[in-house]
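K.L.:
My questions all concern the structure below.
The values are calculated or read from the model by the stated rules, or taken from the named source; none is laboratory data. A quick note: this is a predicted structure, and the numbers were derived from the prediction, not measured. For neighbour counting, all protein chains shown are included, and Cβ atoms are generated from backbone atoms with ideal geometry for every residue, glycine included. Heavy atoms of the whole protein, side chains included, go into the accessibility calculation; ligands, DNA and RNA do not. Shrake-Rupley method; radii C 1.70, N 1.55, O 1.52, S 1.80 Å.
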There are 2 protein chains.
Amino acid sequence: MSRTKARAALLQELEEAMRRSSAQGVLYGQTVANVAGIANSDLECMDILYLEGRVTAGRLAEVTGLTTGAITGVVDRLETAGLVRRERDDADRRKVFIAVVPEAIAKISQFYVPMQQAMEKVFGGYSDQELHLLLRFANEGYKGVVAATEALKGLLDTPPEKRPALKLKTRPRRP
Amino acid sequence: MSRTKARAALLQELEEAMRRSSAQGVLYGQTVANVAGIANSDLECMDILYLEGRVTAGRLAEVTGLTTGAITGVVDRLETAGLVRRERDDADRRKVFIAVVPEAIAKISQFYVPMQQAMEKVFGGYSDQELHLLLRFANEGYKGVVAATEALKGLLDTPPEKRPALKLKTRPRRP
DNA sequence: ATATATATCTTAGTCACTAAGAGATTTAGC
DNA sequence: GCTAAATCTCTTAGTGACTAAGATATATAT
C-alpha cells in the first residue's frame, strides 16, 4: 500500500466522515433549539437572518422550504420573543421584511459558544495554508450542495408516478 | 497584505463558510425527506441506522434526542414502509433492535445521488494529499462537534433559573 | 379601469411530538 | 429464591407546528 490511500477508498472514507460530521452538526442544532426552548425551524430562520441579513417573509419560506403560512407562525413566535421585527417595505407595501433585533444576536450566539470553542481547538492544529485549503473546500462544498439541492428539487416537478418515492406519507409535504 | 490572510480574519471567514455549508446540508436533508415523502426524523433515524448498523430503540432515542415514545412512532412508520425490521434481543428480551432491511439502502441512497455527484465533482479538484487533509479535518471536526454537543447538553442539567433561555415555549421539549 | 399577478396572512385540519404512566423483563438486596 | 427496584419499550392523551386552500391587500399589465 502506498503512502496515500487508493483514491477510491479515500473518497469513500471521506464521504462517510463528512456524512457523520454533518449528522452531528444537525444534532448540535437540535440541541441548541432544545436548550434555548425554541422550535427547530425558528432557529433555522434566525440562522438565515444572521447570514443573509434583512430578508422578506417570502424569502424565508423559499430558503427553508416551508409554506408562507408556516413562516407567518415562525415570525410571530420570533417577534413575540423579541428576536426579530417586522418591517413593511415602503416601496412595495405587500412585502414584509424580517429584521433581527440587535440584542438577539448575543442571545442566540451564546448557545454556539461550545461549538466555537471546539472549532477553535480543531483549527488550532492547522497552518494558515491548510486553513486556506479548508476554506476553499467549504466554499466549493457549499456551492456543490446548493447545486445538489436544486437537482433534487427537480424531481418534485417530475410526475409522481414516474418519480421514486417511499410513500410513508399519503400527502406530499410541500406545495 | 500577506499571501495568507491574517489568521483571525481567516478563522472568521472559515467559521461563516462552515456555517453556511452546514445550513445548506440541513436543507438538503429536508429536501430528501420531502421528495421521498418521509418525515425528517424518520430519515435521520435511517441515517443513524446506516452509520451505526443494528441499534436498539433506546439508542435511537438517545442519539436523536427524541423520547422513546416518539421513536416507537418512527420505527412503526419505517417498519410499515418496509425499510426496517424490529428484532427482539434474545439475551435481554426488553430490548428491541432495529435493523435496516437490505433493500432499503438502495431505496434511500437514490436520493443522495445528486449529492454524491456534486461531491465527486468537488473532490475532483483536490490531490490525494489534500483529500487526506480534508479527511483529517472531517474526523477531528466530528469529534469537536460531539464534544460541543455534550457541553451544550450539560446546560440542561443546570437549574433553569440559572440557565440562559429564550423562553419562546413554556414547556421544555426534553424529559 | 379592469384583470391578473404577487406577497402575506388566516383558517381548518393533520401529524409528529412530549409527558406520563403501563407492561414486560432484568438486576439487586436480603 | 423472592421481593423490590431498575430498565426498556410501548400506549395514551393532549399540544403545537405544519400544510392546503383561500382571503386580503397591494402592485403590475393590458
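K.L.:
Quick check: is even one residue across the range A:121-143 β-branched (Val, Ile, Thr), at pLDDT 95 or above and more than 16 Å from DNA strand D (Cβ to nearest atom)? Steps first, answer last, please.
P.N.:
Let us first name the residues in the range A:121-143 that are β-branched (Val, Ile, Thr), namely A:122.
Subsequent filtering for residues that are at pLDDT 95 or above retains A:122.
Imposing the further condition that a residue be more than 16 Å from DNA strand D (Cβ to nearest atom) reduces the set to A:122.
Yes; the residues of the range A:121-143 include at least one that is β-branched (Val, Ile, Thr), at pLDDT 95 or above and more than 16 Å from DNA strand D (Cβ to nearest atom).
K.L.:
I'd like to verify a number: residues in the range A:11-26 that are under 14 Å from the mean Cα position of the chain (by Cα) and open to solvent by less than 40 Å² (accessible area, probe 1.4 Å), how many? Write out each step before concluding.
P.N.:
Filtering the range A:11-26 down to residues under 14 Å from the mean Cα position of the chain (by Cα) leaves A:22-26.
When the remaining residues are screened for being open to solvent by less than 40 Å² (accessible area, probe 1.4 Å), the result is A:23-25.
Number of matching residues: 3.
K.L.:
While we're on this one: Looking for something open to solvent by 70 Å² or more (accessible area, probe 1.4 Å) and over 25 Å from B:Thr149 (Cβ atoms) - is there at least one such residue anywhere in the range A:41-54? Steps first, please.
P.N.:
Our first condition is that a residue be open to solvent by 70 Å² or more (accessible area, probe 1.4 Å); within the range A:41-54, this holds for A:50, A:52, A:54.
Pick out the ones that are also over 25 Å from B:Thr149 (Cβ atoms) and you get A:52, A:54.
Yes, the range A:41-54 contains a residue that is open to solvent by 70 Å² or more (accessible area, probe 1.4 Å) and over 25 Å from B:Thr149 (Cβ atoms).
K.L.:
Any idea which of (1) modelled with pLDDT under 95; (2) within 16 Å of DNA strand D (Cβ to nearest atom) is the one A:Arg77 doesn't satisfy?
P.N.:
The one condition A:Arg77 does not meet is (1).
K.L.:
Can you confirm whether A:Gly29 is open to solvent by 10 Å² or more (accessible area, probe 1.4 Å), within 10 Å of DNA strand D (Cβ to nearest atom) and out of contact with any Leu (no Cβ under 6 Å at 6 or more places or on another chain)? Walk me through how you get there before you give the answer.
P.N.:
On the way: open to solvent by 10 Å² or more (accessible area, probe 1.4 Å): yes; within 10 Å of DNA strand D (Cβ to nearest atom): no; out of contact with any Leu (no Cβ under 6 Å at 6 or more places or on another chain): yes.
Answer is no for this residue.
K.L.:
If you check A:Leu60 against the conditions, is it open to solvent by less than 30 Å² (accessible area, probe 1.4 Å), in contact with a strand residue (DSSP E or B) (Cβ under 7 Å, 6 or more places away or on another chain) and in contact (Cβ under 8 Å) with a residue 40 or more places away in the chain? Give the derivation first.
P.N.:
On the way: open to solvent by less than 30 Å² (accessible area, probe 1.4 Å): yes; in contact with a strand residue (DSSP E or B) (Cβ under 7 Å, 6 or more places away or on another chain): yes; in contact (Cβ under 8 Å) with a residue 40 or more places away in the chain: no.
Criteria not met by A:Leu60.
K.L.:
Quick check on the range B:94-111. Is at least one of its residues open to solvent by 60 Å² or more (accessible area, probe 1.4 Å), within 23 Å of B:Ile71 (Cα to Cα) and modelled with pLDDT of 95 or more?
P.N.:
Within the range B:94-111 (the criterion being open to solvent by 60 Å² or more (accessible area, probe 1.4 Å), within 23 Å of B:Ile71 (Cα to Cα) and modelled with pLDDT of 95 or more), the answer is yes, since at least one residue qualifies.
K.L.:
Looking at (1) more than 10 Å from every other protein chain (Cβ to nearest Cβ); (2) under 30 Å from B:Leu131 (Cβ atoms); (3) among the hydrophobic types (A, V, I, L, M, F, W, C); (4) crowded, with 20+ Cβ neighbours inside 10 Å, which is the one condition that is false for A:Ala8?
P.N.:
So the condition that A:Ala8 fails would be (4).
K.L.:
Going by the conditions given, is B:Gly82 open to solvent by 20 Å² or more (accessible area, probe 1.4 Å), over 20 Å from A:Ser22 (Cβ atoms) and away from DNA strand D (no atom under 12 Å from the Cβ)?
P.N.:
Numbers: open to solvent by 20 Å² or more (accessible area, probe 1.4 Å): yes; over 20 Å from A:Ser22 (Cβ atoms): yes; away from DNA strand D (no atom under 12 Å from the Cβ): yes.
Yes, satisfied.
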